[in-house]
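Written out below as structure tokens is the structure these notes cover.
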Amino acid sequence: MEPVHKHPWNLSEMDAVKLQQELSLKIVKEDQFKEVNHVAGVDVAYSEHSDKLIAAIVILDASSLHIIESVVVEDTVHFPYIPGLFSFREIPPLLKAFKQIKTLPQLIVCDGQGMAHPRRFGLASHLGVLFDIPTIGCGKTKLLGEFRDPELKRGSSSPLVDHGEVIGAVLRTQDNVKPIFVSIGHRISLATACEWILKLSPKYRLPETTRQADHLVNKVLGGFQRE
């Protein structure tokens, strides 16, 4: 699986910000896909003791949520830790992982933000625009914005707002459990993104895409650090 759009990754902070601003104009904020048979979850984990990182992709059957395929890549950190520019740190190893997958997904769910980002271009949007594929940002925590707590029942939501603009939704995926933060990545509406996150979260707070990818990177990273 190769990206449709390509750009350099060895950029200064200023150039990376400028690129985000340019690419954010390419985001499609409405549903632009047909049937979804396979959903990908992606995650990146970092070693505490070195510059090594682990990037993982899991492909789930959209109906059963069973894992169809998984890929893990070991890499090193090539971009500094700069808030708001995580995608420049995490996408390069994910691109290497996507090259190895055999089952093409019709939807990607990222453990991070999409448009719920200072420049409306978080990891999910960046990945979605590069591959021109529907993507959803699904963060465990808020990056920015204000909201009112949604009702305690599963499926309840409230808008996440920044300077008067709705940038995402605060979604309760299970009764009486902390909500998560959903935002448009690319080629999907916010309402449909929330529907998919609920579908992918039948039992737990986090969607299975995130849970399975997170489990995989931590399992590999744990073994890697014990060596």
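Readers should treat all values here as calculations from the given coordinates under stated rules, not as data from a laboratory. Computed from a predicted model, the values in this text were never measured in an experiment. Quick reminder, even Gly has a Cβ in these numbers, built from the backbone with ideal geometry, and neighbours come from all protein chains shown.
Results, tabulated for the structure shown:
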quantity: Rel. contact order, % - alpha carbon contacts under 8 angstrom, at least six apart, the chain; calculated: 23 percent
quantity: Calculated FRET efficiency for the pair L104/W9, C-beta based, R₀ 25 Å, to 0.05; calculated: 0.60
quantity: Helix-only CD estimate at 222 nm, as mean residue ellipticity for the chain, using -39500 (n - 2.57) per DSSP H run (n ≥ 4); calculated: -8500 deg cm²/dmol
quantity: Chain lengthening between S50 and K199 when straightened (0.36 nm per residue, less Cα-Cα); calculated: 49.9 nm
quantity: Of A116, A193, A62, the one that fluctuates the most in a GNM where the chain has Cα springs shorter than 10 Å; calculated: A62
quantity: Span from the the range 1-47 Cα centroid across to the the range 164-194 one, whole angstrom; calculated: 18 Å
quantity: Rg and Dmax of the chain, Cα atoms only, in Å; calculated: 16.5, 50
quantity: About the Cα centre, charge dipole magnitude for the range 99-227 (Lys/Arg +1, Asp/Glu -1 at Cβ), debye; calculated: 340 debye
quantity: FRET efficiency estimate (nearest 0.05) - Cβ-Cβ, S189 to K18, R0 45 angstrom; calculated: 0.95
